[in-house]
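Here is the structure we will look at.
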Amino acid sequence: MPVLCSSCSEKRAVLKRPKTGHSLCKACFFWAFEEEVHHTIVTAKLFKPGETVGVAASGGKDSTVLAHVMKLLNQRHGYGLELMLISVDEGITGYRDDSLETVKRNQQQYDLPLKIVSYEELYGWTMDAIVKQVGLKNNCTFCGVFRRQALDRGAVMLKVDKICTGHNADDVAETVLMNVLRGDIARLRRCTAISTASEGDGVVPRCKPLKYAYEKEIVLYAYFKKLDYFSTECIYSPNAYRGYARTFLKDLESIRPSSIMDIIHSGENLSVRDGVKMPVQGTCSRCGYISSQALCKSCVLLEGLNRGLPKLGIGKHHRLHEKLLSQQPLTESEQRKLKPVDF
Amino acid sequence: MSACVWAACVCGTQICYCSLSAEILLLFSGINENVYEHVSMWFTGNMKQLLVWIQRNLLKERPELFVQGDTVRPGILVLINDADWELMGELDYQLEDQDNIVFISTLHGG
Ligand SMILES: [Zn+2]
Ligand SMILES: [Zn+2]
Ligand SMILES: [Zn+2]
C-alpha cells in the first residue's frame, strides 16, 4: 500500500522525514531540503553578495550535497556568490585517488573551479610518509591537525572570503557529545556555532550551511538525485572514540529522532560559569596560525617529523616549545621519549 | 518469489550496489572493491525473516555491523523499491515478487 506525499497528496512518498515525521515524494523532498538550507543561510546571514566562497570538497556525500545545493541556491535565490571547490590531498595512496577523481568530476558537473592543495606542497610530507615514521597508531592526530590548516592555507592562497564545510546535524550533535565526554569546555562552547569569525591572519571564516540537515536526508538526497559521490573512511584508523559516540547517537535517534536536534539545542544554550578557566587564544610564533601555545599543533608535529622525533606533537610536551623555538638541542632522555615506537 | 537484495555501500566512484554475497567486511570496512553483481534469490517471508536469512546465509563475519537485535543497526537506511522502509511497515513488510531492497550505510565518513 503506497503512502501518498503529505505535501502534494499526488505522488508516492519516498521517505519519512526524521525532523518532522512528514512523508514526502521525491520532488517535494528535494524542494523542502533545499529551501531549509536556504532558510539556514538567510537566517544566519552566512554570506554577502559579491563574496568568494570556497566549498570544502572531499568527494564524500556531505560535501557533494553541499556543493550541489550551494550552486543551485546561488542561482535560484541570486546570492551573487563566486563559488569554488577546495580539496585537500593528504597523500594517502589509494584513499584520495578515487575521491579526488570524484571531486574532479564534480567540478565538471557543477561547473565550478577546483583547487587541490596537497600536504606535500604545504608541509613537505605526505600522509604515507608520515605513517612510515609514526606508525598507524597516532597518524589521525596528524591527519586531522594538518587537514584543518590545509583548508585555511588553501583558502588564503585562493583569496576566498569564506569556506563552507559539509558538517551536518549529526556531526554537530556528535561533536557536542564528544566535547562533553572529554570535558573540553572551550570547544564545547564553540562547536555549535554555525559560523566562525576570522580569528586572525591565515584563518578564513567558516560556516556550516548543512548544520540543521539530518544525515539520513543528506544520504537520501544524494541517492535520489543520483549525485556522484565517493564514500570511504580514512584508511588510517578511524577514530574509535568518535565511533562510539556516533553509535550511541544513532541508537538514541532510532528511539527518538529528535535527539539530534535536542543535543544541538542543548549545546547552543549551554553557558559557561564565570571563573571557569579558558585557554587564552594566541598565535603561533612560527606560522601565525591561532594557537593557545607558543607553537601551533601543526608546527610542533612538523618539527617532530623533521627532527625524527615524531611523538613530539602527540601528548603534552609544551615544556619543550621554548627549546624548539630557540633551536636548542634536546637532552638524551627527552629524545628517547619522543623516538618512534616500534610496530 | 524472487527478491533482489542489494547493499549500497562504500565502494566505487558512484553509489554502487554491492552484493551481500560478497564478504560483508567489504561492505562496511571501506575497502575499495567494485562488485556490481547482485543476489537474486527465492525468498518467502517478511523483512524480519529476510534479515534473519541474510544474517544466517550472507554475513560470515561481524554481523553486529549489520544487525542489532532483530532489526538493522541504527544508521543503516533501508529502501524497499526505492522508498524508505519506514513508510512500508519496516520489519512487517511482506516481500513480493520483483521487490528491490537496498541497504545504505550512513556510518561512513562524509
Ligand atoms: Zn509531493
Ligand atoms: Zn585519518
Ligand atoms: Zn604554527
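Every number here is computed from the coordinates shown, using simple stated rules; none is lab data. Computed from a prediction, not measured in an experiment: that's the story for all the values here. Note: ideal-geometry Cβ built from the backbone for every residue, glycine included; neighbour counts use all protein chains shown.
Listed values, structure above:
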item: Fluctuation leader among A:Pro18, A:Pro279, A:Pro329 - chain A, Gaussian network, Cα springs under 10 angstrom; result: A:Pro329
item: Separation in nanometres of the label points that stand 7 Å from Cα toward Cβ, at A:Arg307 and A:Arg256; result: 5.0 nm
item: Share antiparallel - DSSP beta bridges, chain A, percent rounded to 5; result: 30 percent
item: Too-long pairs where the Cα-Cα distance tops 23 Å, listed order kept, from A:Lys132/A:Lys250; A:Lys26/A:Lys71; A:Lys71/A:Lys211; result: A:Lys132/A:Lys250
item: Virtual spin-label span in nm between A:Glu334 and A:Ser6, 7 Å along Cα→Cβ; result: 6.4 nm
item: Note, ³J(HN,Hα) from phi for the stretch A:162-179, Karplus 6.51, -1.76, 1.60, rounded to Hz, x at Gly and Pro; result: 8, 10, 10, 10, x, 4, 9, 4, 4, 4, 5, 4, 4, 5, 4, 4, 4, 5
item: The stretch A:21-147: relative contact order as a whole-number percent, Cα under 8 Å and 6+ apart; result: 21 percent
item: Sequence-separation-based contact order of chain A, relative, with Cα cut under 8 Å and 6+ spacing, percent; result: 17 percent
item: Ranked A:Thr40, A:Thr196, criterion: other C-beta atoms within 10 Å, fewest first; result: A:Thr196, A:Thr40
item: Amide H partners (placed H, <5 Å) of A:Ser118, local residues excluded; result: A:Asp89
item: Hz values of 3J(HN,Hα) by residue in the stretch A:54-67 - Karplus curve (6.51, -1.76, 1.60), Gly and Pro given as x; result: x, 9, 5, 10, 10, x, x, 4, 5, 6, 5, 5, 4, 4
item: Full-stretch length increase - A:Lys132, A:Ser195 - with 0.36 nm per residue and alpha-carbon distance subtracted; result: 19.1 nm
item: Cα pair distances of chain A binned at 10 Å [whole percent]; result: 5, 22, 32, 26, 11, 4, 1, 0
item: Average other protein chain Cβ within 10 Å of Cβ, residues A:9-20; result: 3
item: Gain upon complete extension [A:Thr43, A:His77; 0.36 nm per residue less C-alpha separation]; result: 10.8 nm
item: Cross-link partners of A:Lys277 among lysines (Cα-Cα below 25 Å; sequence separation of 8 or more within a chain); result: A:Lys297, A:Lys316
item: Most mobile listed residue (A:Leu295, A:Leu151, A:Leu270) in chain A, GNM with C-alpha springs under 10 Å; result: A:Leu270
item: Interchain or long-range residues, amide H under 5 Å from A:Thr283's placed H; result: A:Ser291
item: Nearby aspartates and glutamates by direct alpha-carbon distance to A:Lys45 (threshold 20 angstrom, same-chain neighbours under 8 apart not counted); result: A:Glu34, A:Glu35, A:Glu36, A:Glu82, A:Asp161, A:Glu199, A:Glu268
item: Inter-probe distance in nm under a simple model that places probes 7 Å from Cα toward Cβ, at A:Val156 and A:Asp111; result: 3.4 nm
item: MRE, 222 nm, helices only [DSSP H, n ≥ 4, -39500 (n - 2.57), over chain A, to nearest 500]; result: -14500 deg cm²/dmol
item: The stretch A:260-276 - phi-based ³J(HN,Hα) in whole Hz, Karplus 6.51/-1.76/1.60, Gly and Pro as x; result: 4, 5, 4, 5, 4, 4, 4, x, 5, 9, 5, 10, 8, 4, 4, x, 6
item: Placed amide H near A:Val55: partners under 5 Å, 5+ positions off or other chain; result: A:Met84, A:Leu85, A:Ile86, A:Cys164
item: Unit charges at the beta carbon, dipole of the stretch A:76-133: most positive-side option, A:Gln109, A:Val131, A:Tyr119; result: A:Gln109
item: Residue among A:Cys28, A:Cys164, A:Cys207 with the largest mean-square fluctuation in a Gaussian network model of chain A, springs linking Cα atoms under 10 Å; result: A:Cys28
item: Exposure proxy ranking, count of Cβ atoms within 10 Å, fewest first, for A:Asp184, A:Asp274; result: A:Asp274, A:Asp184
item: With Cα atoms, 0 to 90° folded angle of helix A:297-306 axis to chain A main axis; result: 50 degrees
